[in-house]
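To start, the structure itself, in structure tokens.
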Amino acid sequence: MSPSAAIARYEGGEILASPRGLAWLLAAAAVLSSFALLLIGSTELGLLDNAQVVCGMAGLAVALGAVIAAVMGVDAMAGERERGALLPLLATAAPRRSILLGKLGGQALAWAAMVALAAPYLWAVGSTGQNLGMALLGLVLFGTPVVLAAGAGAMALGALLHSARAALVASLITLLLAASPLLLGPSLRQSALGRGFDAVNPFSGAINALDAMIVDGESLLSQGWKLTFAVAWLMVAYAAALGSLQPRAGRDLAT
Amino acid sequence: MALPLLIEGLRVRRGFRTVLHDVRLRVAAGEVCGLLGPNGAGKTTTIAAALGLLVPETGHVRLFGEDPLDASDGMRARVGLVPERDGLTDWMTAADYLQYWAVLQGRPIGPEGVTALLSEVGLDASPDLLTARCSQGMRRRLAVARALVAGPELLILDEPTNGLDPRGRRRLLGLLHRLARQRGVGVLLCTHLLGDVERVCDRIAVLAAGRTVAEGPLQDLLGRGGNRYRLRLGGSVPKMALCVDSAPVRLLHQTQGEALVELGANVAPETAWRALLFAGWPIQEVRREAGGLEALYLSLTGARAEPQPAVADVTPDGDLA
């Protein structure tokens with residue numbers, strides 16, 4: 001087994017086997033359940049058609065996945081440093097790249113668990129499983145780079161900032177900023193500024209792509225540029241995380 | 001053959017603060033070197049620099065003859081580390097954890113290897129125990145086993161006996177001694193426990209305020225104990241007096257109003273004090289330092305051992321009394 005695979009298994013185990021990781025998944029399930037109940041029980045939301053409901057639930061899964069990846073990313077660097085686990089890890093023969101890929105692999109496993117967790121909800125709110133396949137495909141294709149970019153960015157912040165708390169706050173604020181055009185509503189998103197932000201924002205890109213594929217029935221190929229942007233962001237975040245693991249004058253990586 | 005670890009003139013800045021000013025240290029194969037110093041003296045930063053985790057401002061660090069910042073990844077497998085905080089994973093068993101670590105070091109081991117490692121540190125009865133259920137002492141021993149997983153040629157231990165009971169401590173020190181003598185491992189033992197140092201170390205380096213204030217074979221440093229004197233100074237030492245750094249008078253440590261000097265074996269103290277007075281040293285009082293590692297450590301790090309009677313007073317006219 002390669003060091004990357006070992007670290008990925010270790011990190012995945014952390015989320016699937018440790019009480020803390022299970023608590024996160026339970027919290028995610030609670031949020032998805034609440035949203036599902038809202039979709040079914042609310043009179044206004046009940047007017048949404050099947051595709052819109054599935055799209056909303058898929059978007060929520062991406063958001064939850066990004067939050068969990070950001071928490072894992074901060075914990076993988078700043079948390080491990082505070083627990084004294086980063087120093088021995090960086091002192092092993094495992095290359096920095098492998099360590100980073102392994103930790104990203106762990107986040108990918110957590111995201112896979114999140115998709116598996118979201119699948120029955122997508123099936124339930126969509127009734128009869130309509131649009132389920134497209135939603136799962138969209139989650140895997142567009143959600144994965146967005147979630148991993150959030151995780152890699154959080155790792156970079158976790159390595160650069162002195163405390164886990166500061167890194168977590170910075171990561172969550174960054175995520176909120178990425179989601180802000182969606183939260184601010186459609187009018188702002190129709191403006192030139194909103195459209196420009198949407199075009200380069202991977203989070204908006206993923207949600208828009210899900211919307212286009214599930215609600216508007218557009219083809220996967222027509223969403224290629226959004227996928228390209230999301231993957232580009234993942235690359236940028238990965239490079240930042242890798243750079244943050246390189247020793248520099250005046251900065252101690254592990255203590 | 002290159003030394004497992006050699007550090008010379010190391011100066012390290014952290015943020016805007018210089019935390020190491022001039023650190024020198026050497027660890028040879030088959031030797032246990034103690035790294036001593038008060039809290040905040042820079043021991044952990046020195047270890048981080050030795051592992052290539054920070055970039056020094058000046059000076060150089062050599063791990064097996066190579067700069068750790070440029071060394072290959074595989075070279076790090078030659079170094080075993082027991083950090084001050086063990087950083088173990090709570091949800092894994094001891095055996096699984098060691099196998100995981102062996103993969104990271106690029107030298108996977110099977111169940112037999114795990115059993116041998118656990119036996120070496122006295123944990124062979126609990127391979128399937130979750131690390132979360134291990135006592136503090138067991139966790140320390142597991143951290144030592146983790147450091148040994150790749151058969152290191154250099155072992156760096158930061159306060160390894162913290163939390164160990166006397167038997168566990170004795171056992172660990174015995175293990176370090178055996179590793180050095182029988183397998184030729186170079187051991188850098190960073191500790192505050194001077195008894196541990198006296199028991200296993202061949203060599204020591206003492207850090208104070210980011211500087212190496214003494215470095216050499218333990219017996220040599222202890223043997224010179226009777227030749228160390230603390231001088232009370234009435235003002236600053238003139239720059240020209242730096243020549244005392246060379247034999248037969250060596251300036252070991254200097255703080256505001258005090259200096260610790262060591263005289264060569266054949267130097268008459270009175271001659272040395274007259275020479276220093278002539279060079280402009282405002283010496284007011286001279287006290288001989290006590291012998292033993294504790295006294296050596298306390299005097300080198302600026303703390304006071306039991307006060308010794310003054311062996312020479314200087315009159316206002318500059319004469320020895």
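The values are calculated or read from the model by the stated rules, or taken from the named source; none is laboratory data. Remember, predicted model here, so these are calculated numbers, not experimental data. Every residue, glycine as well, gets a Cβ built from its backbone with ideal geometry; the counts of neighbours run over all protein chains shown.
See the values below:
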read-out	value
Matching residues, region A:189-219, being outside any helix (DSSP H, G or I) and closer than 23 Å to A:ALA150 by Cα	A:ASN201
Some residue of region A:14-34 being assigned to a helix (DSSP H, G or I), more than 25 Å from A:MET155 (Cβ to Cβ) and of a type in the set (Val, Ile, Thr)	no
Options B:ARG167, B:ARG141, B:ARG146, B:ARG211; residue that is touching a strand residue (DSSP E or B) at 6+ places or on another chain (Cβ under 9 Å) and either over 18 Å from B:LEU88 (Cα atoms) or without any contact (Cβ under 8 Å) to a residue 40 or more places away in the chain (or both)	B:ARG211
Some residue of region A:25-38 being more than 12 Å from every other protein chain (Cβ to nearest Cβ) and of a type in the set (Ser, Thr, Tyr)	yes
Sole residue being modelled with pLDDT of 90 or more and out of contact with any Ser or Thr (no Cβ under 8 Å at 6 or more places or on another chain), chosen from B:ARG171, B:ARG178, B:ARG167	B:ARG178
Among (1) more than 8 Å from every other protein chain (Cβ to nearest Cβ); (2) crowded, with 17+ Cβ neighbours inside 10 Å; (3) modelled with pLDDT under 85 - the single one B:ASP124 does not satisfy	(2)
Odd one out for B:THR46 among (1) within 11 Å of chain A (Cβ to nearest Cβ); (2) under 10 Å from the mean Cα position of the chain (by Cα)	(1)
Any pair with Cβ under 6 angstrom, 6 or more apart, that starts in region B:62-85 at a residue that is at the interface with chain A (Cβ under 7 Å from one of its Cβ atoms) and closer than 19 Å to B:LEU175 by Cβ and ends at one that is among the small types (Gly, Ala, Ser) and surrounded by fewer than 19 Cβ atoms within 10 Å (Cβ to Cβ)	B:PRO83/A:GLY84
Looking only at region A:4-24, and only at residues there that are under 19 Å from B:THR93 (Cβ atoms), hydrophobic (A, V, I, L, M, F, W, C) and facing another protein chain (nearest Cβ under 9 Å), the one that is surrounded by the fewest Cβ atoms within 10 Å (Cβ to Cβ)	A:ALA17
Residue within region A:77-87 that is in contact (Cβ under 8 Å) with a residue 60 or more places away in the chain, more than 10 Å from chain B (Cβ to nearest Cβ), crowded, with 24+ Cβ neighbours inside 10 Å and assigned to a helix (DSSP H, G or I) present	yes
Failed item, numbered, when B:THR58 is tested on (1) under 22 Å from the mean Cα position of the chain (by Cα); (2) without any contact (Cβ under 8 Å) to a residue 12 or more places away in the chain	(2)
Which numbered condition A:ALA135 fails, given (1) crowded, with 24+ Cβ neighbours inside 10 Å; (2) under 29 Å from A:ALA239 (Cβ atoms)	(2)
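Here is a yes/no grid of residues against (1) surrounded by 19 or more Cβ atoms within 10 Å (Cβ to Cβ); (2) under 18 Å from A:GLY65 (Cβ atoms); (3) modelled with pLDDT under 80; (4) more than 14 Å from every other protein chain (Cβ to nearest Cβ):
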{"residue": "A:ASN201", "(1), (2), (3), (4)": "yes, yes, no, yes"}
{"residue": "A:GLY205", "(1), (2), (3), (4)": "yes, yes, no, yes"}
{"residue": "A:LEU210", "(1), (2), (3), (4)": "yes, yes, no, yes"}
{"residue": "A:ILE214", "(1), (2), (3), (4)": "yes, yes, no, yes"}
{"residue": "A:LYS226", "(1), (2), (3), (4)": "yes, yes, no, yes"}
{"residue": "A:LEU234", "(1), (2), (3), (4)": "yes, yes, no, yes"}
{"residue": "A:ALA239", "(1), (2), (3), (4)": "no, no, no, yes"}
{"residue": "A:SER244", "(1), (2), (3), (4)": "yes, no, no, no"}
